[in-house]
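The block underneath contains the structure these notes are about, expressed in structure tokens.
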Amino acid sequence: MAFLLLFLCGFCGGVLGGMGMGGGTALIPLLTVVLGVEQGTAQGINLLAFLPMSAAALAVHKKNGLLEKEGLADVIVPALLSSLLFSAIAVRLPASLLGKGFGVLLIVLSVRWISEGLSRRQRAPQDGKKIR
């Protein structure tokens, strides 16, 4: 049964990771809530799982011509620096605080996505045409 749960957690994380939405958004809560893995350990597992997931997604997106190289360094450099800084901070924080912080982040993202979806739906033309 444990294998099946791990497989399903990985599958859900892979679905979101493949779409470029961050597989950890699903993987970390699934590991902590469903499997009882400690928050810091779940984050470490997510980071390791991210490497092959992102490599596969990158190859598919490149093949489909969906990669934009302009401004890439402007995103990568601050992302790397902030990753170093906040990973050093995260390993020193208690797991309960990390879990609560991640939970708040997921709630904020959910509320934002739902409100954006509702506002798009309200602005949709009444003749059945879809908005892009």
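When the range 37-49 is limited to residues that are hydrophobic (A, V, I, L, M, F, W, C) and surrounded by 14 or more Cβ atoms within 10 Å (Cβ to Cβ), the one that is farthest from Gly23 (Cα to Cα) turns out to be Val37. Only one of the numbered conditions (1) at pLDDT below 85; (2) hydroxyl-bearing (Ser, Thr, Tyr); (3) within 19 Å of Arg92 (Cβ to Cβ) is not met by Thr41, and that is (1). Select from the range 53-65 the residues that are hydrophobic (A, V, I, L, M, F, W, C) and surrounded by fewer than 14 Cβ atoms within 10 Å (Cβ to Cβ) and write down the one among them that is farthest from Leu16 (Cα to Cα). For the range 53-65, the residue satisfying everything is Ala59.
Residues checked against (1) crowded, with 16+ Cβ neighbours inside 10 Å; (2) free of Cβ contacts under 8 Å to residues at least 40 places away in the same chain:
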| position | (1), (2) |
| --- | --- |
| Ala2 | no, yes |
| Phe7 | no, yes |
| Gly13 | yes, no |
| Gly23 | yes, yes |
| Ile28 | yes, no |
| Leu35 | no, yes |
| Leu51 | no, yes |
| Leu67 | no, yes |
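Taking every residue in the range 84-113 that is in contact (Cβ under 8 Å) with a residue 24 or more places away in the chain and pairing it with any residue that is assigned to a loop (DSSP other than H, G, I, E, B), at least 6 positions away or on another chain, the pairs with Cβ-Cβ distances below 6 Å are Ala95/Glu38.
The values are calculated or read from the model by the stated rules, or taken from the named source; none is laboratory data. Only a predicted model underlies this, so the values are computations on that prediction, with no experimental measurement involved. Glycine gets a Cβ as well: all are built from the backbone with ideal geometry, and neighbour counts include every protein chain shown.
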